[in-house]
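The values are calculated or read from the model by the stated rules, or taken from the named source; none is laboratory data. Because the structure is a prediction, the values reported are computed rather than measured. Note that we place each Cβ from the backbone using ideal geometry, even for glycine, and neighbour counts take in every protein chain shown.
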Amino acid sequence: MSGSLHLIKLSVGSESFEDVLGHMQRRRATSRMIHTTRMVPKRAEELLDGGSLFWVVRGNVQARQPLADIEIFKGEDGIRRCHLVFADLPVPTRWQPRRPFQG
């Protein structure tokens, strides 16, 4: 798994790892654990070969969540999007500072 490809995303509105975990627990209880984005990964196969999404919370990478699938679709507005489908709940990581970025 050392050669896996990973994604990094901002967890907008989260104040802590516990916020990210709580959000995903609520999603799992009502439907599926997904994150919808307009940015469709070009290297989806590599991401699904052991990759994860790393969540940035308040300027630090604080969580990792393994990916199970990537579902590409067009919204009602005709814009291409995808669901990042998670295999499991997020797990805390050692904090790693992250400079501000858009995404």
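Considering only residues that are part of a strand (DSSP E or B) and under 10 Å from the mean Cα position of the chain (by Cα), look in the stretch 77-94 and name the one that is farthest from LEU21 (Cα to Cα).
Restricting attention to the stretch 77-94, the residues satisfying the condition of being part of a strand (DSSP E or B) are 80-86, 91-94.
Now narrow it down to the ones that are under 10 Å from the mean Cα position of the chain (by Cα): 83-86.
Values: HIS83: 18, LEU84: 16, VAL85: 15, PHE86: 12 Å.
It comes out as HIS83.
Just one of the numbered conditions (1) more than 17 Å from LEU7 (Cβ to Cβ); (2) in contact (Cβ under 8 Å) with a residue 60 or more places away in the chain; (3) among the aromatic types (Phe, Trp, Tyr) is not true of PHE73: (2).
Return yes when LEU10 is among the aliphatic types (A, V, I, L, M), touching a strand residue (DSSP E or B) at 6+ places or on another chain (Cβ under 8 Å), under 23 Å from PRO92 (Cβ atoms) and modelled with pLDDT under 95 and no when it is not. Give the derivation first.
Working: among the aliphatic types (A, V, I, L, M): yes; touching a strand residue (DSSP E or B) at 6+ places or on another chain (Cβ under 8 Å): yes; under 23 Å from PRO92 (Cβ atoms): yes; modelled with pLDDT under 95: yes.
Taking the combined requirement at face value, the residue satisfies it.
Residues considered: SER14, SER31. Of these, the only one that is in contact (Cβ under 8 Å) with a residue 12 or more places away in the chain and of a type in the set (Gly, Ala, Ser) is SER14.
Between LEU10, LEU53, LEU5, which is touching a helix residue (DSSP H, G or I) at 6+ places or on another chain (Cβ under 6 Å) and closer than 25 Å to GLN96 by Cα?
Details: LEU10 fails: touching a helix residue (DSSP H, G or I) at 6+ places or on another chain (Cβ under 6 Å); LEU53 fails: touching a helix residue (DSSP H, G or I) at 6+ places or on another chain (Cβ under 6 Å).
Selected residue: LEU5, the only one of LEU10, LEU53, LEU5 that is touching a helix residue (DSSP H, G or I) at 6+ places or on another chain (Cβ under 6 Å) and closer than 25 Å to GLN96 by Cα.
Examine the stretch 46-57 for a residue that is out of contact with any Phe, Trp or Tyr (no Cβ under 9 Å at 6 or more places or on another chain), of a type in the set (Asp, Glu), closer than 24 Å to TRP95 by Cβ and touching a residue at least 40 places away in the same chain (Cβ under 8 Å), and state whether such a residue exists. No - not one qualifying residue is present in the stretch 46-57.
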